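Input: a single structure, listed below in structure tokens.
Where a number appears in this text, it was derived from the coordinates with a stated rule and is not lab data. Note that the structure is predicted; figures quoted are calculated from it, not measured. Quick reminder, even Gly has a Cβ in these numbers, built from the backbone with ideal geometry, and neighbours come from all protein chains shown.
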Amino acid sequence: MKKLKIASPISTKNSDSIELVTMSLKNLNYDVYFFLNLNELFSMNKKDLDIILLEPDMNSWQWMNILIKANQILPDIPVVLFSLEANAENGFLRLSDGAEVFLADDVKLLMENLDRIVKTGGALKKKVLFVDDESNILKSYNRMLRKMPWQIFTALSGEKALELLNKETMDIIITDIKMPNMHGIDLVKNIRKIDTNIPIVICSGYHGMKEDDNMRFYDIAAFLEKPLEADILENKIKELLN
């Protein structure tokens, strides 16, 4: 039997959810250990933990505080949001940068996600950085790719993107062009000083960017025109990561 260590700070009033998840995982031949104490969770060595399972509750935002703290203290550990009542309209989508967060409003979807996370290994997931000055666009990218086995990072400016790149090594960067303070091309220039090989994709509503000399000079891997369709974005990332 495979041992899957799940940290699950789920409230005792929802113990039915714990029992349901436990039985479902046992049917997949996983041996599950639940940790309900938050102090125990955040003092754990990440080598001793596979997944963090959270149950969102619209009446209490404690789960969001846990999610934020987990992202800071255990950034490489995949996070799964699970609720029998939640759905996409509730806004329980991927809500953190650097952690794999899935919405699961039925047990089958939850099991599919957990199984995939364990098989691919959370720390081994490819890291994708999106840069755009519009938060709604970044949220839409998260929503489009929420089922993909990648770690999604977002930055609202070129400056924030560079700060992040000083801390994390990305596998692909997808950036807007027209952004305040630091233009997208200036961001690309700075990225190329750090990494000459990382694939960079320009995503913009400015169609003429396709023929811009900067595309060739800075070795831009691809141009995607806004608004983006999910399958186009997903396929392009797969192509460049492979």
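Quick check on the range 126-241: take the gyration tensor over C-alpha atoms, sort the square-rooted eigenvalues as a ≥ b ≥ c, and tell me if it's rounded (a/c under 1.5), prolate or oblate.
Taking the square roots of the gyration eigenvalues as a ≥ b ≥ c, the range 126-241 is rounded.
Within a 10 angstrom radius of the beta carbon, how do 191, 220 rank from fewest other beta carbons to most?
Fewest-to-most ranking of 191, 220: 220, 191.
Between the range 218-240 and the range 145-183, what is the separation of their alpha carbon centroids in Å?
For the range 218-240 versus the range 145-183, the Cα centre distance is 14 Å.
Contact order normalised by length for the range 126-241, with contacts defined as Cα pairs under 8 Å and 6 or more residues apart; what percent is it?
Once normalised by length, the contact order is 25 percent.
Strictly over 27 Å apart at the Cα level, which of 126/189; 5/238; 69/147 would you flag in this model?
Listed pairs above 27 Å: 5/238.
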